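The values are calculated or read from the model by the stated rules, or taken from the named source; none is laboratory data. Quick caveat, the model's predicted, so the values are computed rather than measured. Positions of Cβ are backbone-derived with ideal geometry, glycine not excepted, and every protein chain shown enters the neighbour counts.
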Amino acid sequence: MMSFREACRQTDMTVAELQDESAFATVVERHRGELHVHCYRMVGSYEEAEDLTQETFLRAWRKRETYAQRASLRAWLYRIATNACLDALEKRPRTPAPNGEITWLQPFPDAVAAPLDEDVFARETVELAFMVAIQHLAPRPRAVLILRDVLGWRARDCAELLETTEAGINSALQRARAVLKEHLPKERGEWTAEGSAEERELLDRYMALCEAGDARGIKVLMHEDARFSMPPEPEVYVGSETIVSGWAEGGFGTEAFGRFRCTVTRTNRQPAIANYLRKPGAGEYTLEAVDVLRIEGGLIADVTAFYGPALDAFDLPRTLAV
């Protein structure tokens, strides 16, 4: 086995950096963004993924001597992050609601991921439909699928990380893909092009109708079997008529409810609408929710609304002047 010093010469971290806490932190910090995304895929929560990324760095510092046997700092950190996530999921196991909803789901704003390479934050691996689907996998098969199909790891490397055989990894991957396919939307591949004129027109219409309090008008923009959910609430509303009726029953469009002002944002590589609500008598609009839209064939197929702590990740003003 090569010495600690020899291994350091073959990697992207020097012996001095490995021994100095400040220098070590500076080097590993370069990988924070992509590790945050990796942990996010594993746990489905932006906040928890943030904490697990920090836990990864703490573990890396404590175990820095083991880096002597690694040729890639990046791969070494991914190993630590994966194990940190698996440990957390073992301590706090969670299962989807009876209707399949992932109540702990949070968004990952595109603005946060902007410095990352496209392949790290690719649309098909962070869109909410994918995030929901992989949360239906048990933690270890989830890790296998992410490592193999998202990160492109070899079966041999996955087997070493998860302390199993290559045959076991290949079997787990096959089963994970089957579960994933079961929970992904059937028309997932038929997206409206990101940033297209068609998408922008639909968003403009959606915002105008929200600001007008016109639930019936919004219905026209939806597929008949559209879905609406609002994590962490477990309820899901299926069907455009059911959705707009529920909004109307909640007071949407009435003077007592208040009025919205909307603006476009993006999260999980999907278009989203930030909704600011001005309640009766209020002197400003306050950020109320972010609606994440999945658009298929020029119509809205899904609306996932986030509110409360889930909004903290967005670089959005909390209020707007009247």
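Just the residues that are surrounded by fewer than 22 Cβ atoms within 10 Å (Cβ to Cβ) and in contact with a Phe, Trp or Tyr (Cβ under 7 Å, 6 or more places away or on another chain), please, taken from the stretch 46-64.
61, 64, listed by residue number.
Answer yes or no as to whether residue 49 is modelled with pLDDT of 95 or more and either farther than 30 Å from residue 228 by Cβ or assigned by TED's automatic domain parsing to the domain that holds residue 162 (or both).
Yes.
Identify, from the list 151, 161, the residue that is touching a Leu at 6+ places or on another chain (Cβ under 8 Å) and either surrounded by 13 or more Cβ atoms within 10 Å (Cβ to Cβ) or assigned by TED's automatic domain parsing to the domain that holds residue 289 (or both).
161
Name the pairs whose Cβ atoms lie under 8 Å apart, with the first residue in the stretch 256-275 and of a type in the set (D, E, K, R), the second assigned to a loop (DSSP other than H, G, I, E, B), and 6 or more positions between them or separate chains?
Matching pairs, first to second residue: 259/213; 269/121; 269/122; 269/126; 269/127; 269/194.
Checking residue 261 against (1) under 30 Å from residue 119 (Cα atoms); (2) touching a strand residue (DSSP E or B) at 6+ places or on another chain (Cβ under 9 Å), which single condition isn't satisfied?
So the condition that residue 261 fails would be (1).
Yes or no, residue by residue, for (1) modelled with pLDDT of 95 or more; (2) of a type in the set (A, V, I, L, M, F, W, C); (3) closer than 22 Å to residue 265 by Cα:
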residue	(1), (2), (3)
171	yes, no, no
176	yes, yes, no
190	no, no, yes
197	no, yes, yes
205	yes, no, yes
209	yes, yes, yes
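Considering the stretch 122-165 alone, what residues qualify as being assigned to a loop (DSSP other than H, G, I, E, B) and under 21 Å from residue 270 (Cβ atoms)?
Hits for the stretch 122-165 are 122, 126, 127, 135, 136.
Can you tell me which of (1) loosely packed, with under 12 Cβ neighbours inside 10 Å; (2) modelled with pLDDT of 95 or more; (3) not acidic (Asp, Glu) is the one residue 227 doesn't meet?
Of (1) loosely packed, with under 12 Cβ neighbours inside 10 Å; (2) modelled with pLDDT of 95 or more; (3) not acidic (Asp, Glu), only one is false for residue 227: (1).
For residues that are touching a Phe, Trp or Tyr at 6+ places or on another chain (Cβ under 9 Å) and either among the basic types (Lys, Arg) or not in a strand (DSSP E or B) (or both), scanning just the stretch 270-292, find the one that is surrounded by the fewest Cβ atoms within 10 Å (Cβ to Cβ).
Taking the candidates together, the pick is 280.
With the requirement that a residue be among the charged types (D, E, K, R) and in a strand (DSSP E or B), what does the stretch 260-269 give you?
Matches in the stretch 260-269: 261, 266.
Could you pull out the residue among 97, 88 that is buried (at least 18 other Cβ atoms within 10 Å of the Cβ) and of a type outside the set (D, E, K, R)?
From the options 97, 88, the qualifying one is 88.
Output the residue which, of all residues in the stretch 249-265 that are surrounded by 15 or more Cβ atoms within 10 Å (Cβ to Cβ) and of a type in the set (A, V, I, L, M, F, W, C), is nearest to residue 203 (Cα to Cα).
Result: 262.
Tell me which residues, restricted to the stretch 102-115, are crowded, with 19+ Cβ neighbours inside 10 Å and either without any contact (Cβ under 8 Å) to a residue 60 or more places away in the chain or in a loop (DSSP other than H, G, I, E, B) (or both).
102, 105, 106, 107, 108
From 250, 239, 258, 246, grab the single residue that is more than 30 Å from residue 95 (Cα to Cα) and assigned by TED's automatic domain parsing to the domain that holds residue 292.
Testing whether each residue is more than 30 Å from residue 95 (Cα to Cα) and assigned by TED's automatic domain parsing to the domain that holds residue 292 leaves just 258.
Would it be correct to say that residue 246 is within 30 Å of residue 96 (Cβ to Cβ), surrounded by fewer than 16 Cβ atoms within 10 Å (Cβ to Cβ) and not charged (D, E, K, R)?
In short, yes.
Working only within the stretch 61-97, note down all residues that are touching a Ser or Thr at 6+ places or on another chain (Cβ under 9 Å), over 18 Å from residue 143 (Cβ atoms) and outside any loop (DSSP other than H, G, I, E, B).
67, 68, 73
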